[in-house]
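The values are calculated or read from the model by the stated rules, or taken from the named source; none is laboratory data. Values in this document were obtained by computation on a predicted structure and should not be read as measured data. Heads up, the Cβs are rebuilt from the backbone with ideal geometry, glycines too, and the neighbour counts pull from every protein chain shown. These area figures cover heavy atoms from the full protein model, side chains too; ligands, DNA and RNA do not enter into them. Shrake-Rupley method; radii C 1.70, N 1.55, O 1.52, S 1.80 Å.
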Amino acid sequence: MHCLEKRPEQRFQSARDVAFALEALSGLSSSRTMTATLPPTSGWPKKRERLAWVGLGVCLLGLLAALPFVVAYLRRTPVDERVLKVSVLPPENATVAGAGTGFALSPDGRRLAFVASFEGQNLLWVRSLDSLSAQSLSGTEGTAPNVFWSPDSRFIGFFAGGKLKKIDASGAPPQSLCDGVGGGGAWNREGVIIFSQGGSGLHRISAAGGEPIPVTTLDQSRFETSHRWPYFLPDGRHFLYLVRSSQPENGGIFVGSLDSKDTKRLLSNTLSAAYAPPGLLLFLQNEKLMAQPFDVDEVQLTGEPFPVAEHVAYNLGLARAAFSVSENGVLAYRSGSSQVNQPLWFDRGGKQIGALGAAGLYLGLSLSPDESRVALDRVDIQTGTYDIWLVELLRGIPSRFTTDPASDLNPLWSPDGSRIVFTSDREGQGNLYQKSASGSGNEEVLLKSSEAKVPDDWSSDGQFIVYETLNPKTRRDLWVLPMSGDRQPFLFLQTEFNEQQAQFSPDGKWIVYTSDESG
């Protein structure tokens with residue numbers, strides 16, 4: 001009857017109107033009926049009758065055209081608003097690397113890539129979320145615990161053997177793109193990869209390979225030490241990244257652009273962050289994964305943060321939180337604290353014979369030559385910076401050795417136990433300082449250069465210190481610093497591999513070290 005109305009305003013105005021009417025009819029009880037009687041047509045003029053039948057035909061054709069949409073509307077699947085939670089275990093006899101932070105969800109939310117150690121070797125693994133097992137990818141031995149996906153969820157970017165590489169997730173051989181020791185990467189739809197190049201700014205490169213081009217530069221006036229963990233925003237031009245600084249108030253989550261050198265800080269005192277459609281910024285705060293409304297067009301936060309998950313793991317050394325999010329709302333995270341550890345004593349047979357102090361956030365330790373004290377790197381969980389503490393072994397009493405707001409770590413005792421050399425990033429890159437082991441007096445700058453440095457050992461005669469440097473191209477190299485004369489360091493060993501953990505022989509004529517040349 002509505003289709004045959006003479007006045008247009010009384011007819012259905014669209015197929016949607018028809019759908020709503022049919023839906024209303026379908027909801028009626030079977031005990032009720034509706035009848036409609038057409039008026040008698042015997043008195044109509046034949047022309048008017050023909051027009052009526054033409055109108056009815058047009059209406060029926062319209063109904064037939066709309067029928068698929070009506071059926072789809074009536075049979076539409078209700079949206080399931082339930083939250084589904086699934087635990088994903090590492091492969092048998094394997095351990096997730098990078099303190100559990102080395103994983104990434106594919107953009108389509110279907111697969112999880114992660115780095116796990118198996119039989120003493122880091123490998124890249126891929127697991128479909130609809131599968132019960134993960135598959136390791138051949139040719140990814142020695143993979144560092146930072147991986148990322150291509151936007152089409154086909155390729156995985158990773159770092160291994162001092163190279164930035166990519167591999168087809170189906171298992172084809174990997175392809176090297178450039179030199180890189182990396183602290184994370186991101187891949188946009190235009191085939192551009194940005195990645196962290198060690199202790200420097202971010203670089204960009206084509207997904208097909210080539211020469212890296214700097215994108216961001218460390219701001220020495222703000223004592224920045226590294227830019228890492230980039231994450232592209234939806235436009236593929238802007239990206240999130242983490243700035244680390246020896247002055248914690250200058251660090252945080254920033255937004256950069258491929259088209260401009262301008263940057264903008266969004267958050268301070270946090271670790272890695274990610275964007276989750278349709279408009280949330282995810283980040284860690286006091287072991288809680290938080291989400292805060294974020295306007296990607298204006299590149300600014302717009303609301304108050306709220307918790308998404310509790311007790312999310314993190315790694316202060318890598319400055320990374322253990323979570324990953326896909327473009328369609330799938331979230332993967334690792335629960336539990338990955339930082340708390342306990343220094344322990346073992347005898348030569350491997351039997352545990354005691355503990356050293358209380359459990360805490362420690363990076364490393366060094367025993368004094370007379371075996372009466374231990375120097376430990378201890379992390380401040382609020383700022384993410386390190387300080388050196390000394391513990392008297394007989395009484396178990398700790399005392400703070402360094403107090404600068406920057407990170408002080410890697411303590412090394414002099415052979416006579418009177419001094420301690422350590423690394424500090426208080427002026428940007430990690431330089432070498434020394435201080436009296438009694439704790440009195442000021443720190444003395446021992447060596448400054450543009451490369452980060454780690455002191456490894458002090459020769460028994462007190463004449464030389466062997467230390468590591470971190471070079472973007474040659475990776476970790478060994479240098480020797482004379483402790484007398486003009487104190488000009490000289491190169492001891494430099495290859496395309498990592499050389500580290502050097503130790504002098506007792507007579508000072510040899511140096512033993514570790515290398516990853518064999519994989």
Past the 31 Å Cα-Cα mark, which pairs from Lys163/Lys509; Lys288/Lys473; Lys288/Lys435; Lys165/Lys453; Lys85/Lys163?
Lys163/Lys509; Lys288/Lys473; Lys288/Lys435; Lys85/Lys163
Please give the per residue accessible area of the range 169-325, computed with a probe of 1.4 Å over protein heavy atoms only, in Å².
40 Å²
Sort 511-518, 180-187 for me by packing, meaning the mean count of neighbouring Cβ atoms within 10 Å per residue, highest on top.
180-187, 511-518
With a 1.4 Å probe and every protein chain kept in, tell me what percent of the accessible surface of the range 316-378 is carbon plus sulfur.
48 percent
In square angstrom, rounded to the nearest 10, how much accessible surface does Cys178 have for a 1.4 Å probe?
10 Å²
The Cα radius of gyration of the range 354-499, divided by 2.2 N^0.38 Å with N its residue count, comes to 1.05
Ranked from highest to lowest mean number of other Cβ atoms within 10 Å per residue, what is the order of the peptides 386-394, 296-304?
386-394, 296-304
Mean separation of Cα contacts under 8 Å (at least 6 apart) over the residue count of the range 457-504, i.e. the relative contact order in percent, is 37 percent
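Name the shape class, rounded, prolate or oblate, that the alpha-carbon gyration tensor gives for the range 175-298, where a ≥ b ≥ c are the square roots of its eigenvalues, rounded holds for a/c under 1.5, and otherwise prolate holds if a/b is larger than b/c and oblate otherwise.
Oblate is the answer for the range 175-298, as a/c is 1.5 or above yet b/c matches or exceeds a/b.
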Here, trypsin sites (Lys or Arg not before Pro) of the range 331-364 satisfying both criteria (DSSP loop; at most 11 other Cβ within 10 Å) are Arg348, Lys351
Pairs of Cα atoms farther than 13 Å apart, the range 163-212, %
54 percent
Cross-link partners among aspartates and glutamates for Lys261, C-alpha distance below 19 Å, same-chain residues fewer than 8 apart left out?
Asp219, Glu224, Asp235, Asp297, Glu298
